[in-house]
1. Consider A507 against the criteria (1) buried (at least 16 other Cβ atoms within 10 Å of the Cβ); (2) over 30 Å from E588 (Cβ atoms); (3) modelled with pLDDT under 95: it satisfies all of them except one. Which criterion is unmet?
2. In this structure, does K137 turn out to be not in a loop (DSSP other than H, G, I, E, B) and not aliphatic (A, V, I, L, M)?
3. Do you know which residues across the stretch 1-43 are of a type in the set (V, I, T) and under 24 Å from R150 (Cβ atoms)?
4. With the condition kept exactly as written, say whether any residue in the stretch 188-201 is touching a residue at least 12 places away in the same chain (Cβ under 8 Å), under 38 Å from the mean Cα position of the chain (by Cα) and closer than 22 Å to A21 by Cα.
5. Anything in the stretch 659-674 that is buried (at least 19 other Cβ atoms within 10 Å of the Cβ) and touching a residue at least 24 places away in the same chain (Cβ under 8 Å)? List them, or say none.
6. Given the conditions (1) touching a Ser or Thr at 6+ places or on another chain (Cβ under 9 Å); (2) within 16 Å of L344 (Cβ to Cβ), and given that F476 satisfies all but one, which numbered condition is not satisfied?
7. Here are some conditions: (1) more than 28 Å from G357 (Cα to Cα); (2) in contact with a Pro (Cβ under 9 Å, 6 or more places away or on another chain); (3) of a type in the set (G, A, S). G531 meets all but one. Which one does it not meet?
8. Taking the stated definitions as given, is F403 over 19 Å from D572 (Cα atoms) and in contact (Cβ under 8 Å) with a residue 60 or more places away in the chain?
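The values are calculated or read from the model by the stated rules, or taken from the named source; none is laboratory data. All of these numbers come straight from a predicted model, not from anything done at the bench. Methodologically, a virtual Cβ is constructed for each residue, glycine included, from the backbone with ideal geometry; neighbour enumeration extends over all protein chains shown.
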Amino acid sequence: MPDLLIELFSEEIPARMQAQASADLKKLVTDGLVEAGLTYAAAAAFATPRRLVLSVEDLTAESRAVREERKGPKVGAPQQALDGFLRGVGLTVDQLETREDKKGAFYVAVIDKPGRSAPEIVAEVLERTIRTFPWPKSMRWGTGTLRWVRPLHSILCILVGDDGAEVVPLDVDGIASGNTTRGHRFMAPQPFSVTSFEDYEAKLKRAKVMLRPDERADAIWQDATSQAFANGLEVVEDRGLLAEVAGLVEWPVVLMGRIEEIFLDLPPEVLQTSMKEHQKFFSVRNPKTGRIERFITVANIEAADDGATILNGNQRVLSARLSDAKFFWDNDLRIAKAGMQPWLDGLAAVTFHNKLGSQRDRIDRIAALAREIAPMVGADPDQAFEAALIAKADLRSEMVGEFPELQGLMGRYYALAAGRDAAVAAAAEDHWKPQGPSDAVPTAPVSVAVALADKLDTLTGFWAIDEKPTGSKDPFALRRAALGVIRLVLENKLRFDLYSLIKSRTAHPHWPLELFSFISERLVQLFRADGIRYDVIQACLFADNDRLVEAKRLVEKGASESILDQPFPDPDIFRIAQKAKALQATLETDDGGNLIQGFKRANNILTQAEAKDGVEYSYGADPKFAEDAAEKDLFAALDAAEEQIAPAMRDEDFGTAMAAMAALRGPIDRFFTDVQVNAESQILRRNRLNLLSRIRQICLSVADLTQIEG
């Protein structure tokens, strides 16, 4: 079976598009081949700045012949129906067969599709792929109609079999396929022919082209770190930049340059960001001082002077860029040392939202909330208030205006320059966090207070003006803010009433419930990502949610809003997390898993009896009416469990409480095996129903087991 090699050779493909383009080429071609009846053993795609490449191994030489039968209309059907069927199958009426079933005679079209050769199919699939390729941006050139990311110069397409390589003939807008390609634009521009993928890759390397992106990245990193190590330095790791630079060169040549002395006192993050964003340089750090002292640049050519001219030009451009950064830094420091007032005043002129006021209005709200939260998280209220007031001041700085990704970080530098306490400065940096699932969570108390205040103000503010997420739309990133609140609480093991804190931000009777439910939904998602079952989360989180939904419905119908003043069910997120983990662990044991069946049986019998009798069996189970040994054992087991569960739940020793509940499995099972609940004696029946009520009450005091599936 032959191997297939395809290369689409063009002008430079943007680095950010290469990985997706190689994946698209692989999918479009292999899917097309399979749909046309060919199979293959393996396929791999590659990209360099000037080429997309696909290698397919062990492609079948031709597609199989196929016989297809299509059922048509009944014999005697209207001519219009018959004509439509004939057009669809491409046959005439005398080519149809007639067959019969229980409903009568009908037409059948038998279509024989002969096998097609691999070259014919490959040419068809590749031309369609080229003409419909899903580039994010594409262009036309010359007088042709073809669109490609940059002008397409050549198409290499060969099938390699035991008897050698053959060109798959196709022509796309005057670009005819062949078996030739070119190497490096400057160091080996001459065309050369290839006979297989192995021959192609080897000749490319001799022509100064590394085909594989991971090989180029490895070569860059190894050479960069070796040069840095030889000078007692280290390269600041940046995997994203490494992948991007590997997509900018076909033959990476690593060069290390110096940063002028006058720029070395700039914050290392400023140097790193400026060099990365403007020049795609790697930063090289002195591990003893933490200063960025040199840079790594990657050229695409081996120069006769070993890169001296390239480095000289890069250093001149870098000096111009860093001069701008130093100018911003010096100006910002002057304002910071004077107290940042111009920045704070300027935030009053920046609209946060037309219904929520300016950034300064928002800062005032966050500062007041941070002072309120501070005692709950062990922070100094005055420091939390101070930190919140200046946390967003750096948004008006020139440095953050140039590099928005440095917001917060520059706030810390400016706060320290202004003589603020280290805890206040740290809060200025950390109050944005966490912004994503991989972002670190602040742990310093002042930082935690301000970060929580920032996110809760966002949530309560947009909820109050009815700007809530809908479906996949979340323009104000409220889901991210809610997850940030949850992570701050859980990872810092914070204990406070989140619902009451939300409710204190408004007099509105309804939306605090909605907002808390919204945050709870994010909590469910986070727990499920950690492997906790959905029904377990429901059992620990929404035990009394039905009551709250009903309360809200009654208020909307005109009932007193005082019913909403009842405590919200377990607003302590950290406690919910601990309870859910303990319940899941218990359910994974034999006793815990089987207890659910006994609980549900007790609950179902009790619920049906209460509905039938019109009474609630919730009090009065008396051991003196117990007749059976299993019945007496259950009384004793419930007493023992209650003695353990009540104090354990008070002390939040959920593992002990769950274990005591699971220990009821045996006595409950024996009770249902040996005892008839609906006894003829009404005294016995009532006593046993009240005993079932004790099972329900004790289990529900731990978690809402009605939510557990199975």
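1. A507 satisfies all of (1) buried (at least 16 other Cβ atoms within 10 Å of the Cβ); (2) over 30 Å from E588 (Cβ atoms); (3) modelled with pLDDT under 95 except (1).
2. So K137 fails the test.
3. Answer for the stretch 1-43, where residues must be of a type in the set (V, I, T) and under 24 Å from R150 (Cβ atoms): I6, I13, V29.
4. Within the stretch 188-201 (the criterion being touching a residue at least 12 places away in the same chain (Cβ under 8 Å), under 38 Å from the mean Cα position of the chain (by Cα) and closer than 22 Å to A21 by Cα), the answer is yes, since at least one residue qualifies.
5. Residues satisfying the conditions are A659, M661, A662, L664, R665, P667, I668, F671.
6. Result: F476 passes all but (2).
7. Here G531 clears every test but (2).
8. For F403, the condition - over 19 Å from D572 (Cα atoms) and in contact (Cβ under 8 Å) with a residue 60 or more places away in the chain - is met.
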